[in-house]
Each structure stands twice: as structure tokens, then as C-alpha cells.
Amino acid sequence: MNRRRFAAAAATLVAASALPRAASAQAVRGEVVDDAGRKVRVPARAARIFASGPPASILVFAVAPDALIGWTTPFRPAERPYVAPKYADLPALGRLTGRGNTANVEVVIAAKPDVIVDYGAINDTYVSLADRVQQQTGIPYLLLDGAFDRISASLRTIGALAGDEARGEDLATYARATVDDVTQRVARVPAAKRPRLYYARGPRGLDTGLAGSINMEVIDRMGATNVAASMGRGGLVQVSLEQVLAWNPEVIVTTDPTWFASVRRDPLWRPVAAVASGRVHLAPAEPFGWIDFPPSINRLVGLRWLGRILYPDAFPEDLRPAVREFYTRCYHQAPTEAQLATLIATAERTPPA
Amino acid sequence: MTARTAWVTLGAVAALVVAVALAFSVGRYPVAPGDLAALAWSKLTGAPSGVAPTVEAIVWSVRGPRIGAALAIGAALAAAGAAYQSLFRNPLVSPDILGVSGGAAVGAVLGIFFALPILAIQGLAFAFGLVAVALVYLIATAVRGHDPLLVLVLAGVLVGALLGACVALLKVLADPYNQLPVITFWLLGSLAGAAPVDLASALPAIAVGFFPLWLLRWRVNLLSLGDEEARAMGVETTRVRVAVIASATLMTAAAVSIAGIVGWIGLVIPHFARLAVGPDFGRLLPVSAVLGAAFLLLVDTLARTAARIEVPLGVLTAFVGTPLFLWQLVRSRRSWQ
């Protein structure tokens, strides 16, 4: 027996020993085709869903919070108050895909999920990983496309999977209405009134996203001109302060609270138009980021926030009702007035110190 | 020999001056040569330059500190590398052999992990770099009955591996969307954010590390003959070794805390210097420092102008340096030792 055949035999043995787990008491709904075109047999009503990464956790949490069996990472103290304790206290089981696999397959099996859901980019790596885990554990593994335009479809899929089509449909309609409303308002903004925006990440504010980067998906959708798009397409890159000064953006949006706190006192950044006019805005991150990461439905709430920042004339209304509605619908707990005030505080202009 | 050294030093200093002038005149922000000349003139005479304040800030507060940091860090890494190579009598030794880079990486990654401000991240990197080397030295002195240099290197490799594991662990625990890219960028090294305050914190430490090395240059030469011989000539080998390690570590930790991990310079620049002026530490140290400064400045100038994005220094030093070094190696027949 050569090495390859031995490996194949061993894999079959492992798969066979794990198989009884699949034969749970659930009624089988039959085959569904996931977004990667894989045919997967799923139960009629998945009462326990394992989300394989942070984007999937948020998606499942929004539609079927009682079916979610755990998070990938524990909540930080600042994030916890925004999620009802019975959900915030769910165990952290690690992530199964993506960069670095921190979930133990035995832990996944022991958690007895009816189905594993992955939500994000779909490529051959993720497809083969899904096939492999499914074969190894006998648990059906669904791949859902994380593209922003597919949010409503994914919400419906989870609703159907969890046996609550109405809930999935309700959220899908809400998401569609939000996106449509925002898109229509942005479309009416003339090109000359769309500010040039720099997206600052990292502790120095010098990491940014190129055109087409998933980090810029929401910003691009809001029609702002990403100054870094002039450097071409790609992902996250580092730029120099000199480059930012040359771009002289009118608006800066950041995800880094430490940098945000310091930039207004930094003489090196003072010449930048956005800093001089107080148009530097920190995207809220509790319990999940509003504009960038994780790339899931949490970014829906960031659309109106960005609208308010970029086009105050087209988005004149108070942000609070929309934020309250999003949190109540998707995170199942209405934020307190104090929490709302904290969340929307950075949407306002803050002149340099 | 001395004539050759003088020429090499002169050439290196000339290269340095040209590199500085070049670095000041190129960048992503358009600065007219006339403005540059006016600014230099006003700096010399104290007269008002009449240049737009933004351009003045670009030249003196953005390019200036970055050029200064590149010079200081290049000099520090190359000088520390020369010191370590002479001390260990081994041309394959680089400044991170005793764990200073590994320790600094753990410190910086911890700082990023806990979302601390830049100064705290740099402070942690510096402190952890020093602590790592101190730990290695303590382990090496606690182990007796072996060749002390061998034990020191072995302890450095072991602690370095442990620190590498700590960095890996922190990367696994870090937020994959937010912190992991920052950690990756830091580990690749960059001067993109170099500010005057960085220079103010790193320069004193680098200077404090450099002068003892310079003062000890003759003893380091004797050390390179081997412990027995050095002791026979009246050198207190242990003390000299501690002093050299402490000085080189201080310089490297200060450099790495500002720029992140910039590999290659500490390993290879001393070879260039040795090929040019021979192994005498009194010549090797200053020539390494000047060559290292010029090399890092050149590479950093390339890093901020070659593409519109910043190219990581750790990547560029190797890409630029390796062919240069191979060419020099083939060309030169000068002896290694």
C-alpha cells in the first residue's frame, strides 16, 4: 500500500467512524443547492446551526438567534451590552474557515449542529474545505455568497434553513428597502457633490483599501470617491502620510479608535482638509463594525451613517430611529438612549483640538 | 590599507550625501526644486522661506524625520550586525540572533492586540526586545560546562523560537479583519509613519549603544582571536562581551521599535563593509554604519516612490540587497576573516 492509498484509506475510516453523527433524528428536507453549486442534504428544520466564521455568525444571529450554537470569538466588554445576555453568553467555538482554523473539528461535532453555514467569498479553497469538513463530520455544510447584493437572498436562505421562512422574508425585505432607499438618495447626488474620501485603518491611520477591496465595499456603494482608488485595484495596503497630504481628502473615515483620538492633536495631519474641517469620522464597532468588518449584514447600518457623513443634505434625518430599528431587528435588543448617543456621536463634525 | 579605508569611507559618505539629497527631492507630494532650495536656504540663514506651509511641513516634518529615521536605523542595524559578527566570529550572525527582534515583535504585537497608541506599541517593542536578550544572556550564564558562545547562540535560537510561537499565538487570537493586517504590516517593517517624535525617542538609544562599541573597538578585535588568546592579552572577555551585547541590543531594539522588523541589513551590510575595508573592527564599525545608513535610506526612498503604495522594507531590502551582495561577492577576492 503506497502512501497515497494509505491516506485515502485512513480518511475513509475517519469519515466512516464519524458518520453515525449525521444520522440524527431530524427529518431530512432533501437536497438544496448552495451558492457554490454544491448539492447538500439538509434537515427540514435546522435547530442548531454552526456558523463557521464571524460573518456567518452575524447572519445566522439576525435571522435565527436561537439556532446559533456559538460565536467564533468571545465578545469584548464594550460589545457585550449591545447583545442580549442569553445570546452574548453563547460559547466561543472558534472559526472553521478563513485565515487560520481555530475550531476543533471534534468540538464542532460535539456541539451537535444540524448544519454548518459559511458566509463569505466563494472560491475553490472554500469549496474544497467545505467538502472536506462535510465528509469528515457527516454534517451538511452550506456555502453562502457574502456579496453585498446577495444579503437579502442569504437572509431568506437562513430563514428557510431554520424553518422560519417568514422571519427570513421579513428581514430580507427590510434589507432590500434599506439598500434601495439609500441607493436612490445617493443616485440623486450630483458627481460634483461627492466628497473625496480617505479610509484610514491601523494605529497610524496609514493603512487603506484600494479599489475593489472588500473593505471598501460599503464606501464604494455610497458613491464616495475613494482617493486610494487612483492606485489601482487590490486589498489593504500601506501608504505614506505624504501621499495622504497629496490626496488631501475632504472626508476621512476610520475604524481605529486610538488613531481617531490622536489625529486631531497631530500637527502632521493638520494640513489635511478633512482634519482641518473636522470631517474625520470613527465608524462604530459595537457589537459589530458598521462599515468594514466583519463583512456581513452588520454593514447595512453603516449605509445611512455614511450617507449622513457624506451627504448631509440628502440624509437630513436623525440617525437614531434607523439605528434603533436595525439593532432591534437584527440584534434583538433595542439600544438604550445612552448607547444610541454613543453610537452616532462620531457622525458629527469635530473641529481640531 | 589606510588609504583604501579613507577612500572607502569618503566614497560611503559621498554616497550618503547624494542619497539624502535624492531622498529630500522625491516623494508622492509634488515639491518644486525651487521650494526645496528656498527651504534649505531659510534653514541655513533663518530667513523666511516664503514656501507654502503645507510644503514646508512635508519637507521638514514628513520627509525629514523619515530620512533621519532611515539613516539612524540603517546605521544602527548594520553596526549592531558588525558587532555581533565580530563577537561571535561568525559571518552568518545577524543582530536578531539573541532574540531582540523576536522580543520586539512580541511587544509590538501585544500592543497592537490591546489596541494601544503608537508610542505604547513602540515602548513595548523596545522593552520586550531588551528583556528577550537579557533572558537569553541569563540562560546562557546559568548553563555551565559548555562553550559559552555556543550556549549563548543556542539560547538565543531557543528563546527566538519561543517568541516566534508567542507572535503566532497572538496572531491566531487577534481580530482577523482589524488587527491581523496591522500585525502583518508591522512584521514586514516600514517607515511610512515615521514622525519627529519617533526620531526623538530612537536616536538617543542608538547613540548610547554606538559609543561603547566604538570605545571597545580594540578589545572586540582581540575577542575575535578567541577567548583564550584575548584573555592572555589581558582582555576581560566576559565584561567586554556583556558590554558589546548590551550596546548592540540597545541599538537594534530602538531601531526595530520604530521601523518594525527590517531584516537583511544587519546580516549583509557588515559583509559589504568587510569586503571593502577588512575585518578590523575599528574600521568595520563606522563603515558598516555609514553603508547601512545609505543603504536603508536608498531602499526606503524606493519604498515610498517605486509604487504609489508603500512597499514593505523587509521585502525591499532583500530584493535590492541580494543581487547587489552576490555581485559584490563574485567581484571581490578579499578574504573573509
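The values are calculated or read from the model by the stated rules, or taken from the named source; none is laboratory data. Treat the numbers as computed from the prediction; the structure is a model and nothing was measured. Here the Cβ is made from the backbone with ideal geometry for all residues, glycine too, and neighbour counts use every protein chain on show.
Residues of the range B:137-148 being assigned to a helix (DSSP H, G or I) and in contact (Cβ under 8 Å) with a residue 12 or more places away in the chain, which ones? Steps first, answer last, please.
Of the range B:137-148, the ones assigned to a helix (DSSP H, G or I) are B:137-142, B:148.
If the condition is that a residue be assigned to a helix (DSSP H, G or I) and in contact (Cβ under 8 Å) with a residue 12 or more places away in the chain, then B:Tyr137, B:Ile139, B:Ala140, B:Pro148 are the ones that fit.
Output the number of the condition that A:Ser213 fails; it satisfies all remaining conditions of (1) surrounded by fewer than 23 Cβ atoms within 10 Å (Cβ to Cβ); (2) facing another protein chain (nearest Cβ under 8 Å).
Condition (2) is where A:Ser213 drops out.
Let's see how each residue does on (1) farther than 19 Å from B:Ala79 by Cα; (2) more than 10 Å from every other protein chain (Cβ to nearest Cβ):
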{"site": "B:Leu152", "(1), (2)": "yes, yes"}
{"site": "B:Val159", "(1), (2)": "yes, yes"}
{"site": "B:Leu162", "(1), (2)": "yes, yes"}
{"site": "B:Leu173", "(1), (2)": "yes, no"}
{"site": "B:Pro196", "(1), (2)": "yes, no"}
{"site": "B:Ala202", "(1), (2)": "no, yes"}
{"site": "B:Ala205", "(1), (2)": "no, yes"}
{"site": "B:Pro212", "(1), (2)": "no, yes"}
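Quick check on the range A:334-353: of everything there that is of a type in the set (A, V, I, L, M) and assigned to a helix (DSSP H, G or I), which residue is farthest from the chain's Cα centre (by Cα)?
Taking the range A:334-353 as the starting set, the residues that turn out to be of a type in the set (A, V, I, L, M) are A:334, A:338, A:340-341, A:343-345, A:347, A:353.
Checking which are assigned to a helix (DSSP H, G or I) leaves us with A:338, A:340-341, A:343-345, A:347.
Details: A:Ala338: 24, A:Leu340: 20, A:Ala341: 23, A:Leu343: 17, A:Ile344: 19, A:Ala345: 22, A:Ala347: 20 Å.
By that ranking, first place goes to A:Ala338.
Please determine, by comparing only the residues of the range A:65-99 that are modelled with pLDDT of 90 or more, touching a strand residue (DSSP E or B) at 6+ places or on another chain (Cβ under 9 Å) and buried (at least 22 other Cβ atoms within 10 Å of the Cβ), which one is nearest to the other protein chains (Cβ to nearest Cβ).
Per the stated criteria, the residue is A:Trp71.
For residues that are in a loop (DSSP other than H, G, I, E, B) and either surrounded by 22 or more Cβ atoms within 10 Å (Cβ to Cβ) or assigned by TED's automatic domain parsing to the domain that holds A:Leu303 (or both), tally how many sit in the range A:104-138. I'd like the intermediate steps shown before the answer.
Kept after step one, since they are in a loop (DSSP other than H, G, I, E, B), are these residues of the range A:104-138: A:104, A:111-114, A:121-123, A:138.
From what's left, either surrounded by 22 or more Cβ atoms within 10 Å (Cβ to Cβ) or assigned by TED's automatic domain parsing to the domain that holds A:Leu303 (or both): A:113-114.
Matching residues across the range A:104-138 total 2.
Just need a number here: residues in the range A:263-280 that are at the interface with chain B (Cβ under 8 Å from one of its Cβ atoms) and of a type in the set (A, V, I, L, M, F, W, C).
Adding up the residues that qualify gives 1.
Filter the range A:216-238 for residues that are of a type in the set (S, T, N, Q) and either assigned to a loop (DSSP other than H, G, I, E, B) or facing another protein chain (nearest Cβ under 8 Å) (or both) and give the result.
Narrowing the range A:216-238 to residues of a type in the set (S, T, N, Q): A:225-226, A:230, A:238.
Within the range A:216-238, A:Ser230, A:Gln238 qualify.
Could you please give the count of residues in the range A:294-321 that are over 19 Å from A:Arg196 (Cβ atoms), hydrophobic (A, V, I, L, M, F, W, C), without any contact (Cβ under 8 Å) to a residue 60 or more places away in the chain and assigned to a helix (DSSP H, G or I)?
Here the count works out to 1.
Of all residues being farther than 15 Å from A:Leu300 by Cα and under 20 Å from the mean Cα position of the chain (by Cα) in the range A:314-333, which is surrounded by the most Cβ atoms within 10 Å (Cβ to Cβ)? Just the residue, please. It would help to see each step written out before you state the result.
Keep residues of the range A:314-333 that are farther than 15 Å from A:Leu300 by Cα, which gives A:314-318, A:332-333.
Subset that is under 20 Å from the mean Cα position of the chain (by Cα): A:332-333.
Details: A:His332: 15, A:Gln333: 17.
Checking each candidate, the answer is A:Gln333.
For the range B:305-317, which positions are in a helix (DSSP H, G or I), over 14 Å from the mean Cα position of the chain (by Cα) and surrounded by 18 or more Cβ atoms within 10 Å (Cβ to Cβ)? Spell out how you get there, then give the answer.
Step one: of the range B:305-317, the residues in a helix (DSSP H, G or I) are B:305, B:313-317.
Next cut, over 14 Å from the mean Cα position of the chain (by Cα) only: B:305, B:315-316.
The answer is B:Leu316, and nothing else.
Within the range B:149-231, considering only helices (runs of 4 or more DSSP H) that don't extend past its boundaries, which have at least 3 residues that are in contact (Cβ under 8 Å) with a residue 60 or more places away in the chain and within 25 Å of B:Gly107 (Cβ to Cβ)?
Values: elements: B:179-188, B:196-215, B:217-223.
In the range B:149-231, B:179-188, B:196-215 are the helices (runs of 4 or more DSSP H) which contain 3 or more residues that are in contact (Cβ under 8 Å) with a residue 60 or more places away in the chain and within 25 Å of B:Gly107 (Cβ to Cβ).
Any idea which of B:Leu302, B:Leu284 is within 14 Å of another protein chain (Cβ to nearest Cβ) and part of a helix (DSSP H, G or I)? Break it down into steps so the answer makes sense when it comes.
Details: B:Leu284 fails: within 14 Å of another protein chain (Cβ to nearest Cβ).
Only one candidate qualifies: B:Leu302.
Can you tell me which residues in the range A:156-209 are under 22 Å from A:Trp305 (Cα atoms), under 18 Å from the mean Cα position of the chain (by Cα) and in a helix (DSSP H, G or I)?
Once the filter is applied, which keeps residues that are under 22 Å from A:Trp305 (Cα atoms), under 18 Å from the mean Cα position of the chain (by Cα) and in a helix (DSSP H, G or I), the range A:156-209 yields A:Leu171, A:Ala172, A:Tyr174, A:Ala175, A:Arg176, A:Thr178, A:Val179.
Within the range A:188-210, work out how many residues are surrounded by fewer than 23 Cβ atoms within 10 Å (Cβ to Cβ), more than 14 Å from every other protein chain (Cβ to nearest Cβ) and under 23 Å from A:Pro257 (Cβ atoms).
Matching residues across the range A:188-210 total 1.
Between a first residue in the range A:57-80 that is assigned by TED's automatic domain parsing to the domain that holds A:Ala46 and a second residue that is of a type in the set (D, E, K, R) and part of a loop (DSSP other than H, G, I, E, B), which pairs have beta carbons less than 7 Å apart while being 6 or more apart in sequence or on different chains?
A:Ala64/A:Asp164; A:Ala67/A:Arg48; A:Ile69/A:Arg48; A:Thr72/A:Arg95; A:Ala78/A:Glu286; A:Glu79/A:Glu286
Can you find a residue in the range A:239-262 that is away from chain B (no Cβ under 12 Å) and in contact with a Cys (Cβ under 7 Å, 6 or more places away or on another chain)? Don't jump to the end; show me each part of the working.
Step one: filter the range A:239-262 for residues away from chain B (no Cβ under 12 Å), giving A:249-253.
From what's left, in contact with a Cys (Cβ under 7 Å, 6 or more places away or on another chain): none.
No, there is no match, as no residue in the range A:239-262 is away from chain B (no Cβ under 12 Å) and in contact with a Cys (Cβ under 7 Å, 6 or more places away or on another chain).
For the range B:39-87, give me the residue count where each residue is outside any helix (DSSP H, G or I) and either more than 14 Å from chain A (Cβ to nearest Cβ) or surrounded by 24 or more Cβ atoms within 10 Å (Cβ to Cβ) (or both).
Within the range B:39-87, the first condition is being outside any helix (DSSP H, G or I), and the residues that meet it are B:46-52.
When the remaining residues are screened for being either more than 14 Å from chain A (Cβ to nearest Cβ) or surrounded by 24 or more Cβ atoms within 10 Å (Cβ to Cβ) (or both), the result is B:46-50.
Total satisfying the criteria: 5.
Has the range A:7-28 got any residue that is at pLDDT below 90, more than 25 Å from A:Pro91 (Cα to Cα) and assigned to a strand (DSSP E or B)?
Yes, because at least one residue in the range A:7-28 is at pLDDT below 90, more than 25 Å from A:Pro91 (Cα to Cα) and assigned to a strand (DSSP E or B).
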